[in-house]
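Accompanying notes for the structure given below.
The values are calculated or read from the model by the stated rules, or taken from the named source; none is laboratory data. It should be emphasised that the depicted structure is a prediction, and the values quoted were computed from it without experimental measurement. Note that we place each Cβ from the backbone using ideal geometry, even for glycine, and neighbour counts take in every protein chain shown.
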Amino acid sequence: MNHRFLTAMFFLFLLSLLFTGCSSSSMDNTGTMDQTLNLTGTQTLLSSPTPTLRPDQIWVTVTPRPTANVTPSSLPSDSAVTPTESAPLTLLLTKSPYDVDTCDFASISIVEDTLTEKGATIEFTYTGETSGTTGEWFNIEVNIDGEWYGMPFIYDNTGFDSIGYEIKKDTVFSHEYNWNYIYGALRPGFYRIVCEISDDSTRPYTNYYLADVFTIE
């Protein structure tokens, strides 16, 4: 009888250790989630900068502008920023990986009087052998201390439509880019927009990155 009693007590002791361990682990996970909100795979919005920075990353604190023309009910469930958010944010920015304007037969420029904090119309010029192709993809980057850093997306899993626009030789192609739903309305600063173009005269096609700079007052 004593043997059965001791065995039961030992079993209850093991169960108490197990549940105590689970409770401690759950609290740690919850604490971490309270500190971090994912924006993209490599760019994170934090209430306090805790992760270790890579050499190509910096912290920047900004006060975001509200995202215009978006109601809370229309925001996706993975939205990290709401239209009413105005408290200072700490953004983790990563240096631009794009080598821009390396070709002499294509360029982009912002059409005069189309630039706002929410978007702009871009003109593409192609003077190559046959034609070039561009698409919906673009990237907004901010200049900090002479270095270009990619702006973080508002939503997780942001993508661009896979559409190709032909730019014929010695012609100008214009396309409107609205970044309000991708980055939000930009704060005052010095930025550039990066677009992609492929040279259709080469096989396989060669892709290049083009950029134009702008200032938001």
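From the list ALA211, ALA185, which residue is in contact with a Pro (Cβ under 9 Å, 6 or more places away or on another chain), assigned by TED's automatic domain parsing to the domain that holds LEU93 and either loosely packed, with under 15 Cβ neighbours inside 10 Å or not basic (Lys, Arg) (or both)?
None of the other options fit; the residue is ALA185.
Has segment 196-204 got at least one residue that is modelled with pLDDT under 90 and either among the basic types (Lys, Arg) or not assigned by TED's automatic domain parsing to the domain that holds TRP137 (or both)?
Yes, segment 196-204 contains at least one residue that is modelled with pLDDT under 90 and either among the basic types (Lys, Arg) or not assigned by TED's automatic domain parsing to the domain that holds TRP137 (or both).
Being among the aromatic types (Phe, Trp, Tyr), closer than 19 Å to PRO97 by Cβ, in contact (Cβ under 8 Å) with a residue 12 or more places away in the chain and not in a strand (DSSP E or B) is true for just one of TYR183, TYR208. Which residue is that?
Of the residues listed, the single one that is among the aromatic types (Phe, Trp, Tyr), closer than 19 Å to PRO97 by Cβ, in contact (Cβ under 8 Å) with a residue 12 or more places away in the chain and not in a strand (DSSP E or B) is TYR183.
When only residues in segment 186-204 that are farther than 30 Å from ASP156 by Cβ and touching a residue at least 24 places away in the same chain (Cβ under 8 Å) count, which is farthest from the chain's Cα centre (by Cα)?
Selected residue: SER201.
Name the single residue that is nearest to LEU93 (Cα to Cα) among those in segment 186-205 being part of a loop (DSSP other than H, G, I, E, B) and either in contact with a helix residue (DSSP H, G or I) (Cβ under 6 Å, 6 or more places away or on another chain) or charged (D, E, K, R) (or both).
Looking at residues that are part of a loop (DSSP other than H, G, I, E, B) and either in contact with a helix residue (DSSP H, G or I) (Cβ under 6 Å, 6 or more places away or on another chain) or charged (D, E, K, R) (or both), I get ARG187.
Only one of PRO97, PRO64 is closer than 29 Å to SER174 by Cβ, modelled with pLDDT of 50 or more and in a loop (DSSP other than H, G, I, E, B); which?
PRO97
From the list PHE124, PHE173, exactly one residue is assigned by TED's automatic domain parsing to the domain that holds LEU91, over 15 Å from the mean Cα position of the chain (by Cα), closer than 28 Å to THR94 by Cβ and of a type outside the set (S, T, N, Q). Which is it?
That would be PHE124, the only listed residue that is assigned by TED's automatic domain parsing to the domain that holds LEU91, over 15 Å from the mean Cα position of the chain (by Cα), closer than 28 Å to THR94 by Cβ and of a type outside the set (S, T, N, Q).
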